[in-house]
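Below is one structure; the comments refer to it alone.
The values are calculated or read from the model by the stated rules, or taken from the named source; none is laboratory data. The structure displayed is predicted, hence computed values, not measured ones. With ideal geometry, Cβ positions are generated from the backbone for all residues, glycine too; neighbour counts draw on all protein chains shown. SASA here: full protein model, heavy atoms, side chains in, ligands and nucleic acids out. Shrake-Rupley method; radii C 1.70, N 1.55, O 1.52, S 1.80 Å.
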Amino acid sequence: AMMLPHFRYPVYNPCVDSVDVAADWIRFPYATDDYELALSQPYKIAAVTPFYNDPDFINYNPRVPKVDLSVFDLVLVSDPEYYTQAEILEWIQQQGISNYLLALGGLRNNENLAPDVLYRPYWLTRFLNTNTEFVETYSDNKPYLFDALLGSQRPHRDYVMFAMTKSGLIDQSIVTYRDCFPGGVYNDMNRTVAREFPDIELQRPYVSPNLPQEWEVRQNIDNTISFILPTKIYQATHYSIVCETLGEGNDFFFSEKIMKAMFAKRPFVLFGPHGYLKKLRNFGFATFDCYLDESYDEEVFEVERWKKAMMQVMRLAWLERPSEVRQKIQFVLDQNFTRLYSWRVEYQARMVDRIMEKVPGEHINWDGIPEGSGDDNFPQ
């Protein structure tokens, strides 16, 4: 195995039951929730999530003691979600932290990152660690056209549910729109979407009659299924409708929703924010503009963008046989699968490099440890 340099001393890592921040910053072999132990080291590093001590934020973790982070030589901050850089930097300043590195989970449009801030798609590492082997789900003959596993309620998912119902594609697909997931959004945009379909009733909660119980990823469905690939559903459907976490605005949050389609080499139509596909291409992924009209990605107005995306769903449904589509886009599917892995290598290496720039060399063990080592013992 490749040998990696590592920090010599225990790192204060108290948020591990929500996010293992030390592991996010790449294989600190010695991590502890013992504040005093970490402070007794020659060089003191803390690894925390932003807002873990602020009850006004969803990252708040009452099980983690409120401590003084300003006494650490370096504080590593990992956001798994999509807080703004400005919000987190303000929190860092409030803690009195002078030396830090911040890993963002999402990107705001046209935002320049500060010198000690970087972006990495947090959930990709977790997804690839959970799904370690590719399972082929392609065949020419499948009973259904699309999977649309819509998750918690949000306006762009309402749109897909309405449109699938109106078009009749819901009967030829496996669609779920459950009410057991957190993070739902209901606002004026939901009502705007509903006015687009005055004669259609929103079906929610909804589980397709085309979905047998044995095809479910688990008997009890809740948000802990996020990283489980719906293999049997994929084996029964040709295409995916991906409704990303964010559907409005122009921010970028790369979640497990699109990872699943890429990992399984699925053709998909994306319902997400303005410019999402362009950002994917900027990060080295391919999209389906060789076959579909992806100009919908450039549409600023939300409902119009989703309407144009649904036209591409219709194209996949009715224009050509799935085997013919597959031949034209196979290179896209292969490139995206490979890119998931190469992107992980790139951002992990960048995170290690930033730590090495911050930490004086005498506190680094340059002899290295085996990559992926599970050694949790403190040095004697």
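I need the shape label for the stretch 234-278. Rule: rounded when a/c is under 1.5, else prolate if a/b > b/c, else oblate, with a, b, c from the alpha carbon gyration tensor.
Details: a/c = 2.54, a/b = 2.15, b/c = 1.18.
Taking the square roots of the gyration eigenvalues as a ≥ b ≥ c, the stretch 234-278 is prolate.
If packing is taken as the mean number of other Cβ atoms within 10 Å per residue, what is the order of 78-85, 359-366, highest first?
Highest to lowest by the protection proxy: 78-85, 359-366.
Quick one: among PRO115, PRO267, PRO209, which has the greatest mean-square fluctuation in a GNM of the chain with alpha-carbon springs under 10 angstrom?
Evaluated over the chain, the most mobile residue of the options is PRO115.
Rounded to two decimals, what is Rg over Rh for the stretch 27-115 when you use alpha-carbon atoms and the Kirkwood radius?
Values: Rg = 13.4 Å, Rh = 13.9 Å.
Rg/Rh: 0.96.
What residues have an amide H closer than 5 Å to that of VAL11, excluding those fewer than 5 places away on the same chain, when H is modeled at 1.01 Å from N in the peptide plane?
Those lying under 5 Å, H to H, from VAL11 are TYR30, ALA31, THR32.
How large is ³J(HN,Hα) for each residue in the stretch 55-69, as worked out from phi by the Karplus curve 6.51 cos²θ - 1.76 cosθ + 1.60 (θ = phi - 60°), to whole Hz, x for Gly and Pro?
x, 7, 10, 5, 6, 4, 10, x, 7, 8, x, 7, 10, 8, 7
Defining a contact as two alpha carbons under 8 Å apart and six or more residues distant in sequence, what relative contact order in percent does the stretch 99-215 show? Don't jump to the answer; show the numbers that get you there.
Numbers: 126 pairs, mean separation 27.1, N = 117.
Relative contact order comes out at 23 percent.
In the full protein assembly as shown, how much of LEU246 is accessible to a 1.4 Å probe, in Å² to the nearest 10?
In the full protein context, LEU246 sits at about 30 Å².
Provide ASP54, ASP297 ordered by accessible surface of protein heavy atoms (probe 1.4 Å), highest first. Kindly include the intermediate steps, with their values, before the conclusion.
On the way: ASP54 35, ASP297 10 Å².
Largest accessible area first, the list is ASP54, ASP297.
In the neighborhood of ARG321, defined by Cβ-to-Cβ distances under 14 Å, what is the net charge if each Lys or Arg adds +1 and each Asp or Glu adds -1? The partial results should precede the final answer.
On the way: positive: LYS142, ARG315, ARG326, LYS328; negative: ASP140, GLU320, GLU324.
Net charge in that neighbourhood comes out at +1.
Measuring from label point to label point, each 7 Å out along Cα→Cβ, what is the LYS166 to THR132 span in nm?
Here the answer is 4.7 nm between the modelled labels.
Could you give the accessible area per residue of the stretch 1-128, probe 1.4 Å, as a whole number in Å²? All intermediate terms of the calculation are to be shown ahead of the outcome.
Details: 5260 Å² over 128 residues.
Accessible area per residue, the stretch 1-128: 41 Å².
How do SER18, SER98, SER323, SER173 stack up against each other in accessible area, from largest to smallest, with a 1.4 angstrom probe? Don't jump to the answer; show the numbers that get you there.
Details: SER18 60, SER98 100, SER323 30, SER173 0 Å².
So, going from the largest accessible area down, we get SER98, SER18, SER323, SER173.
Modelling each spin label as a point 7 Å along the Cα-to-Cβ direction, I'd like the ASP33/GLU346 distance in nm, to one decimal.
A separation of 3.6 nm, rounded to one decimal place.
For the stretch 249-260, in order, what is each residue's ³J(HN,Hα) by Karplus, 6.51 cos²θ - 1.76 cosθ + 1.60 with θ = phi - 60°, in whole Hz (x at glycine and Pro)?
Ordered by residue, 3J(HN,Hα) equals x, 9, 7, 10, 9, 8, 10, 5, 4, 7, 4, 4 Hz.
Quick check: net charge around ASP251, other residues with Cβ under 12 Å of its Cβ, Lys/Arg +1 and Asp/Glu -1? Could you put the intermediate results ahead of the total?
Details: positive: ARG108, LYS279; negative: GLU81, GLU111, GLU244, GLU248.
Net of charged neighbours comes to -2.
Rounded to a whole number, what % of the accessible area of the chain do carbon and sulfur atoms account for, probe 1.4 Å? Spell out each step's value before the answer.
Details: 8190 of 16950 Å².
Ligands and nucleic acids excluded, carbon and sulfur reach 48 percent.
Which entries of LYS166/LYS308; LYS166/LYS328; LYS265/LYS328; LYS166/LYS279 show an alpha-carbon separation above 25 angstrom in the structure shown? Walk me through the intermediate numbers first.
Working: LYS166/LYS308 15 Å; LYS166/LYS328 29 Å; LYS265/LYS328 13 Å; LYS166/LYS279 31 Å.
Table pairs above 25 Å Cα-Cα are LYS166/LYS328; LYS166/LYS279.
Given a Förster radius of 45 Å and the C-beta distance between ASP17 and ARG321 as r, what FRET efficiency does 1/(1 + (r/R0)^6) yield to the nearest 0.05?
Details: r = 49 Å, r/R0 = 1.09.
The calculated FRET efficiency here is 0.40.
Given +1 on the Cβ of Lys and Arg, -1 on the Cβ of Asp and Glu, and no further charges, what dipole in debye does the stretch 61-129 carry about its Cα centre, rounded to the nearest 20?
Working: 5 positive and 8 negative charges, 57 e Å.
Dipole size: approximately 280 debye.
Can you give me the long-range amide H partners of LEU4? Hydrogens built in the peptide plane at 1.01 Å from N, cutoff under 5 Å, separation of 5 or more residues or another chain.
ILE369, GLU371
Considering only the other residues whose Cβ falls under 14 Å of the Cβ of SER342, what net charge follows from Lys and Arg at +1 and Asp and Glu at -1? Spell out each step's value before the answer.
Numbers: positive: ARG120, ARG339, ARG344, ARG350; negative: ASP334, GLU346.
My count for the surroundings of SER342 gives +2.
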